[in-house]
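Let me begin by presenting the structure, written as structure tokens, before commenting on it.
The values are calculated or read from the model by the stated rules, or taken from the named source; none is laboratory data. Values in this document were obtained by computation on a predicted structure and should not be read as measured data. Neighbour counts are summed over all protein chains in view; Cβ atoms, including those assigned to glycine, are modelled from backbone coordinates with ideal geometry. Only protein heavy atoms, including side chains, enter the accessible area calculation; ligands, DNA and RNA are left aside. Shrake-Rupley method; radii C 1.70, N 1.55, O 1.52, S 1.80 Å.
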Amino acid sequence: MDTTGSILESIGVEIIGVMSPVSICMFLVVLLISFLSSTTTPTTSSIRTAANLVYLETPSDSTTQKLEGALLNAAVFILLITLVTFLLVILYYYRFTNFLKYYIRFSALMVLGSMGGSILLSIIQIGNIPIDCVTFTVILLNFTVLGVVSVFSNGVPILVNQMYMVALGIIVAVWFTKLPEWTTWVLLVALALYDLVAVLAPGGPLKMLVELASSRDEELPALVYEARPNVGSRAGSRGQSLGVLLAGVSEGEAVELSVMSSSENVGSDGRGVSETRSGNVGRDGRGANETSGNVGRDGRGLNETRRGNVGRDGRGLNETRSGNVGRDGRGMNETRSENEEIDGVREVEIEGETLPLMGGGDGRERAMANEEIRESNESDRGRVLERIIEGAEERERGIRLGLGDFVFYSVLVGRAAMYDMMTVYACYLAIISGLACTLILLAVCRHALPALPISIALGVIFYFLTRLLMEPFVVGTSTNLLMF
Amino acid sequence: MTVAAGIGYALVALGPSLSLFLALISKKPFLILTLLSSTLVWLMSLIVMSALSRAFLPLKTTVWWPYTILILTSVGFQEALRILFWKVYKKLEDILDAFADRVSKPRLFMTDKMQIALAGGLGHGVAHAVFFCLGLLTPAFGPATYYVEKCPKMPFFLVSAIIALAFATIHTFSMVIAFSGYEEGNKVDQCFAPVVHFIAGMLTLINLAFGGCTISIPLLYCVAIVTLVHCGKMAWRRLIENRSREGNLSNSQ
């Protein structure tokens, strides 16, 4: 066929880069749930209502009590989340960034170690896997430690980081599906609404957080999945640059997970972003050639910044590189860091205008440097990591999706999996198309967007349509072996 | 053992689609998006049909005419959607071409267009197999199996997997045929897809008779093979034409 690389290969790379981890996460959650649901696992829901795995009740025979209880649960939960998010904003505002960072690491430790451990245990029990407790401990310990290390560190390959993000999402999602059915549905809807308000309304905590972070040139200390362009299999793609997407946020604190959702991707502020970007660039780019810039900006951060960068370049970079190379030969050009950030400077100018095009809208083929802000800047430490990727023709930034979105998408699908597989497929399609709509919107309006509302709305609608209308119909026709 | 059986049924229904997906679609993100959106379109059509049939058609009865109406309306509806899909695709193609011009890449090749059609068709086929076969497969992973009373020879899951495979093939390739028919203004190809779809749907009506599945399945496969052969011939013809045109082009230069 066409060897010259048609544009089919270059369009939609970023969308797929976000969709594939979400799909993987959902798929694994569904697998885990259908595997685990054969027995009842110890109920440890942090929400008051008893968790019940086998709760098969049709919504038609709802008691008002259930509805009330669910509403109450959701209200309390949302209230808690709001409070915690505001707390986070306050802490962040006063620059307790290290505290936040360690707290998040600690949460990751707890999630991976205890929740992940107990899920692992039940897998072992159900699967009758012969394993002794020493081996188990060693495996769990290694798994957990690597996960914690990968959360905010720059030296860890991005692939590991992404895998752990997905793993965290899976674990929390599996945990959440232990909530009773009504509570789950009401909670999902409530979270979607909350996400909408928190990200878009003026004064919404997430919006404040995002703006605060971008005004400081930092990224939020939060668990965010970053779809790095390099990582997704991209074949020659430089198709489009989607701005950063801010995705939803959510944090399940109930679970101790403080995933704060940070979803911010840049989007939210196109402007924010640009500032951030330019800021960084300024920092490293110009400065960097020789750090003077850095110095100017924050004196003390400097050394560290440097170090951080170096670390990244050193190892992180190599890997990234190799990844690219493996995937598409030209990875090399893309990742260069720092040293060549000079190009970055160029980008600054363009930055304001660059936007995503998607959907094939209009390409921007300007040669610009691609750059990406590397996540995790921890301000205090001053490790701002930034990487500039320069692409031959366009710049792409990674789309970032809050871990909370992973979790709640998966919760929806997992809940659907407890009913039937058909609802799972319908919900999966609905969520994925909602995500695609969100990404397209992101490209259009270029500021941080909540990723939950569209997907959750579609998912819930399709779930009930499938369950109430389609399933009886399909079962009716196909048990008569009628198909069309 | 039952897990193996369940996986086996799933692979019977979806194996060819899966390999098509892995070999062709998964390498091109745009095709994945096409596939997903076409799957979603099909799902929505199914939901609409089920809503309509729940409202107007009593399916509990043992008479066959409601089923005939059902299949007629469903096929009609889905064929209308196919035309809609084509119109949307046409717009998209213009956008893509404009985009390609901007990034100074080549415009869509003829094979690209056929791949998009294939991805769209595969979406329909996969959706069909998923909802009519895979969605019902969960019990197959447990102990025991299930036989439909009208078709006592084979387990229900196997029958539905086999039928789903035939339909997936028909959907996948008739989309390619239809798109090329629309593009070339070829009436025969344009009518081919609806007719084949309709015939295939009608053939499953035979399953309502006792033991009908032994008759309908071979017939269904004949239809699938006809579709496949027709699509193959058409693709071959277009490729040859395309190549000779390109050849002429380069010769003349």
Original post:
Computed on alpha carbon atoms, what radius of gyration and Dmax characterise the stretch A:88-134, expressed in Å?
Top reply: 17.0, 51
**OP:** When a/c is below 1.5 the answer is rounded, else prolate if a/b is larger than b/c, else oblate, so apply that to the stretch A:85-178 with a ≥ b ≥ c taken from the square roots of the Cα gyration tensor eigenvalues.
**Re:** prolate
**OP:** Kindly write out, for the stretch B:133-150 in residue order, the coupling ³J(HN,Hα) from the Karplus curve 6.51 cos²θ - 1.76 cosθ + 1.60 (θ = phi - 60°), rounded to whole Hz, with x marking Gly and Pro.
**Re:** 10, 4, x, 9, 7, 3, x, 5, 7, x, x, 6, 9, 9, 10, 7, 5, 7
Original post:
B:Leu20: net charge of surrounding residues, Cβ under 13 Å, Lys/Arg +1, Asp/Glu -1, itself excluded?
Top reply: +2
Subject >> With eigenvalues of the C-alpha gyration tensor scaled by 5 and rooted, chain B, Å >> reply: 36, 20, 18
**OP:** Please work out the Cα center distance from the stretch B:158-178 to the stretch A:415-470, rounded to the nearest Å.
**Re:** 26 Å
Original post:
When all C-alpha to C-alpha distances in the stretch B:1-98 are sorted into bins of 5 Å, what percent of pairs does each bin hold, rounded to whole numbers?
Top reply: 3, 10, 13, 15, 15, 16, 14, 9, 5, 1, 0
Original post:
So, counting K/R as plus one and D/E as minus one, what does the shell of residues with Cβ under 13 Å around B:Leu35 add up to?
Top reply: +2
Original post:
Of the trypsin sites (Lys or Arg not before Pro) in the stretch B:1-93, which ones lie in a loop per DSSP and count no more than 16 other C-beta atoms within 10 Å?
Top reply: B:Lys60
**OP:** Provide A:Tyr102, A:Tyr428 ordered by accessible surface of protein heavy atoms (probe 1.4 Å), highest first.
**Re:** A:Tyr102, A:Tyr428
**OP:** Using a 1.4 Å probe and counting only protein heavy atoms, arrange A:Ile129, A:Ile16 so the residue with the most accessible area comes first.
**Re:** A:Ile129, A:Ile16
Original post:
Build a GNM of chain B with springs between Cα atoms under 10 Å: which of B:Leu33, B:Leu92, B:Leu18 gets the top mean-square fluctuation?
Top reply: B:Leu92
Subject >> Acute angle (nearest 10 degrees) that the helix B:110-132 long axis makes with the longest principal axis of chain B, alpha-carbon atoms >> reply: 10 degrees
**OP:** Find which of B:Ser50, B:Leu108, B:Phe131 sits farthest along the positive direction of the dipole of the stretch B:34-145, computed with +1 on the beta-carbon of Lys and Arg, -1 on that of Asp and Glu, about the Cα centre.
**Re:** B:Ser50
**OP:** As a check on your grasp of the helix formula, calculate [θ] at 222 nm for chain B: sum -39500 (n - 2.57) over DSSP H runs of n ≥ 4, divide by the residue count, round to the nearest 500.
**Re:** -28000 deg cm²/dmol
Subject >> Sequence of A:Leu412, B:Leu36, A:Leu79 when ordered by accessible area, the most exposed leading, probe 1.4 angstrom >> reply: A:Leu79, B:Leu36, A:Leu412
**OP:** For each pair in B:Lys87/B:Lys187; B:Lys27/B:Lys105; B:Lys28/B:Lys87; A:Lys178/B:Lys27, compute the distance between the two Cα atoms and list the pairs where it is over 25 Å.
**Re:** A:Lys178/B:Lys27
